[in-house]
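Every read-out reported here was derived from the displayed coordinates using simple, explicitly stated rules and does not represent laboratory data. Given the structure is predicted, the values throughout are model-derived calculations rather than measurements. All Cβ positions, glycine included, derive from the backbone under ideal geometry; neighbour counts span all protein chains shown.
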Amino acid sequence: MTLRQVLATLIAGMALLLAAPAAQAQIVYGTPAWATGDLVLHEGPGGAYPVVGHIPDNTRLRVYRCSPLWCIVSDGHQKGWSRSGAIGFGVSSADWFQGGVRYPTGGTFCLYEGNNYTGQSACFDSGTIIDDLALMGLDNRFSSIRVNGGSASLCRDRKFQSYCTRIIRDTPVLNSFLNGNVSSLRGHRTQ
């Protein structure tokens, strides 16, 4: 084997090795969620659309977008529209529970574009409700939050759809579902 053939073989082998991880890499879109009941999947957002599948209760989902009553979801094997009332958003099915958690109320909160409270900020009083930050030019911009005497619910999608989390203390880096993805918010006040 000549030097030229050896080099050609090595280059071809390296190209295959470098291409393999790229071919295997898969970007996962959507918000993590759980089926909180048996889901019937439809071709479109409504019961009049044909049924395209079923997802059993307590199955891990990805939610791609929602309307007020319907969400398009996938369990990794099938995809379709289902009623939003049977979908719980959270990292695990245990995130959604009924019960007596007491959250701080009143005060203010400030959101920052950078981690560790850096970059441009926007501050809000408790009681503030913004169901679409895009209307204010603030959609998908925030990475950290400071909370002063209250709490805030931050949601990944507009109109409080999809993954939401209630923040009760300063958070230098929002979790991976919200970091750079906050589209609606609600400040909580004393009742």
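Of note:
- Shown is the FRET efficiency for ARG166 and VAL51, computed with R0 = 41 Å from the Cβ-Cβ distance and rounded to the nearest 0.05: 0.70.
- Legend: ranking of residues SER176, SER121 from fewest to most surrounding C-beta atoms inside 10 Å; resulting order SER176, SER121.
- Seen from ARG141, the other residues with C-beta closer than 15 Å to its C-beta sum to a net charge of -2, counting Lys and Arg as +1 and Asp and Glu as -1.
- Counted by neighbouring Cβ atoms within 10 Å, the residues PHE160, PHE109 run from fewest to most as PHE160, PHE109.
- Neighbours of SER184, meaning other residues whose beta-carbon lies under 10 angstrom from its beta-carbon, give a summed charge of 0 when Lys and Arg score +1 and Asp and Glu score -1.
- Computed FRET value (nearest 0.05) for SER176 with TYR64, which takes r as the C-beta separation and R₀ as 25 Å: 0.90
- Cubic angstrom per residue, convex hull over Cα atoms of region 31-94: 68 Å³
- For LEU174, the shell of other residues with beta-carbons less than 13 Å away shows a net charge of +3, using +1 for Lys and Arg and -1 for Asp and Glu.
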